[in-house]
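I have placed the structure first, in the form of structure tokens, so that the comments after it can refer back to it.
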2 protein chains.
Amino acid sequence: MAIKEHISKRFDADLEEVRTRVLQMGGFVEEQIERAIDALIEGNETIIDQVIDNDHRVNAMEVSIDEICSQIIARRQPTASDLRMIMTVIKTITDLERIGDEAAKIARMARLIYTADRLHAPRFVEIKHVAQIASSMLHQALDAFARLDLNAAAHIVRQDELVDEEFRAILRQLITFMMEDPRKISISLEILFVAKAIERIGDHAKNMSEYVVYMVKGKDVRHVTVEEIEREVRG
Amino acid sequence: MAIKEHISKRFDADLEEVRTRVLQMGGFVEEQIERAIDALIEGNETIIDQVIDNDHRVNAMEVSIDEICSQIIARRQPTASDLRMIMTVIKTITDLERIGDEAAKIARMARLIYTADRLHAPRFVEIKHVAQIASSMLHQALDAFARLDLNAAAHIVRQDELVDEEFRAILRQLITFMMEDPRKISISLEILFVAKAIERIGDHAKNMSEYVVYMVKGKDVRHVTVEEIEREVRG
């Protein structure tokens, strides 16, 4: 009995550790996005380089959390909600790593934009706005994961539609900009790639919030409509 | 002893089933890419619609294979190479599902291109070429998974560099095209999104081939250089 309790406590500690690590990785990735966007707007090359350099830390976090998950499966043989938690972590860190990649891409685009010609760049008001929404979606997705909060998950899926709309608005604006002055085509495409990276961050945050629903309810809500997710969360 | 052997045989059958399902999903996704590219080149609206409609089948395959993996972990408590196989499957199907998304995106872009103005579209020779490389990378990645072939994996990672180069060449070509005639900007951007989708298919195939190295050697080679992968494969 004492041994069983001991094993169970160790198991709980393992799960707690993996949860903490996911939240640390998420927090770091969030910083990466914010710094990449700031560097883009301010043209700060030191921060640009830092964001690019830091990407290997995000990658290392993914590899190490994957390793911990494998060990937990092999040693603790989780079932039911514990297993769902581990499955959720395995999926979540893949999305976090790819958000990290997008942050590094934004930094690389920022470098191209400033190496080329800052004065020909359009204003970054819309980019900053949509980046704030995407970054807040990631923050909420991590909170939802930490607190097992289903309502937040449904809310995040809704916000992803907004990010997609904002992306299309930026695209239309950039097309006008390019048609007015074809010399601005190259720089506009770099800004388009930044907008695309932000749009993908929104997609990844949405994926993460769908895994939270799976973790809590045991129901796989990827690929269903937002209305179905809301029904599932209420039900 | 008889029971143990029976359990072991059931376990082998489970692993065999999951492997077969991954290959079926992969084959279907491969078809989706090829049909999307054919539809783009031929302007065949029936095929365009089919590719878009079929995407939910790819999604359903992902959900069902994930479910099988969870059941295997819970019931069979895999360790060592069996567990690595399951971890590889869980990661692989995420990439396959996203390749499916890219195929559906290509089909949606094809629809936009034909709804707009076919005659203003540049030739699709380069798009077809890079799509063939990406599609062949996926095929090789699935073969490498089926045959536990490490050499193929290293080869695929090399090809991804080629796809990235081809993408940059298409981008430069499209910029010239847009500068020559700003009325072609919208359609050029649609073609750019197609090229971007193909480039991402290459990335996903590369991810899949890296998981194969992990599955066979137990070494995580994501985020390392291609030279390190080659050393690992030889060693």
Qualifying position, being free of Cβ contacts under 8 Å to residues at least 24 places away in the same chain and at negative phi, among B:A103, B:A107, B:A60, B:A152: B:A60
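Determine whether region A:187-201 contains at least one residue that is in a helix (DSSP H, G or I) and free of Cβ contacts under 8 Å to residues at least 24 places away in the same chain.
Taking every residue of region A:187-201 in turn, at least one turns out to be in a helix (DSSP H, G or I) and free of Cβ contacts under 8 Å to residues at least 24 places away in the same chain.
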Unmet criterion (only one of (1) more than 10 Å from every other protein chain (Cβ to nearest Cβ); (2) more than 24 Å from A:R98 (Cα to Cα)) for A:L174: (1)
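Just checking, which of A:A39, A:A13 is more than 26 Å from A:F124 (Cβ to Cβ) and among the aliphatic types (A, V, I, L, M)?
A:A13
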Subset tally (residues that are open to solvent by 30 Å² or more (accessible area, probe 1.4 Å), part of a helix (DSSP H, G or I) and facing another protein chain (nearest Cβ under 9 Å)) for region B:65-78: 3
Matching option when the condition is within 14 Å of another protein chain (Cβ to nearest Cβ), assigned to a helix (DSSP H, G or I) and either on the phi > 0 side of the Ramachandran plot or of a type in the set (D, E) (or both), among A:D220, A:D164: A:D164
A:R84 open to solvent by 40 Å² or more (accessible area, probe 1.4 Å), more than 21 Å from B:T94 (Cα to Cα) and in contact with a helix residue (DSSP H, G or I) (Cβ under 8 Å, 6 or more places away or on another chain): no
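Within region A:79-90, is even one residue within 14 Å of chain B (Cβ to nearest Cβ), within 29 Å of B:R84 (Cα to Cα) and in contact with a Pro (Cβ under 6 Å, 6 or more places away or on another chain)?
Scanning region A:79-90, I find at least one residue that is within 14 Å of chain B (Cβ to nearest Cβ), within 29 Å of B:R84 (Cα to Cα) and in contact with a Pro (Cβ under 6 Å, 6 or more places away or on another chain), so the answer is yes.
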Selection count, region A:167-186, where residues are open to solvent by less than 40 Å² (accessible area, probe 1.4 Å) and either touching a residue at least 60 places away in the same chain (Cβ under 8 Å) or outside any helix (DSSP H, G or I) (or both): 1
From the options A:S136, A:S70, residue that is under 26 Å from A:E190 (Cα atoms) and modelled with pLDDT of 95 or more: A:S136
Unmet requirement for B:I90, which otherwise passes all of (1) buried (at least 17 other Cβ atoms within 10 Å of the Cβ); (2) out of contact with any Phe, Trp or Tyr (no Cβ under 8 Å at 6 or more places or on another chain); (3) touching a residue at least 60 places away in the same chain (Cβ under 8 Å): (3)
Number of the exception - B:D164 against (1) crowded, with 21+ Cβ neighbours inside 10 Å; (2) under 27 Å from B:F145 (Cβ atoms): (1)
Members of region A:11-27 found to be more than 17 Å from A:M137 (Cβ to Cβ) and either in contact with a Leu (Cβ under 7 Å, 6 or more places away or on another chain) or in contact (Cβ under 8 Å) with a residue 40 or more places away in the chain (or both), listed by number: A:F11, A:D14, A:L15, A:E17, A:V18, A:R19, A:R21
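The values are calculated or read from the model by the stated rules, or taken from the named source; none is laboratory data. A quick note: this is a predicted structure, and the numbers were derived from the prediction, not measured. Heads up, the Cβs are rebuilt from the backbone with ideal geometry, glycines too, and the neighbour counts pull from every protein chain shown. Just so you know, the surface numbers come from the protein's heavy atoms only, side chains and all, with ligands and any DNA or RNA stripped out. Shrake-Rupley method; radii C 1.70, N 1.55, O 1.52, S 1.80 Å.
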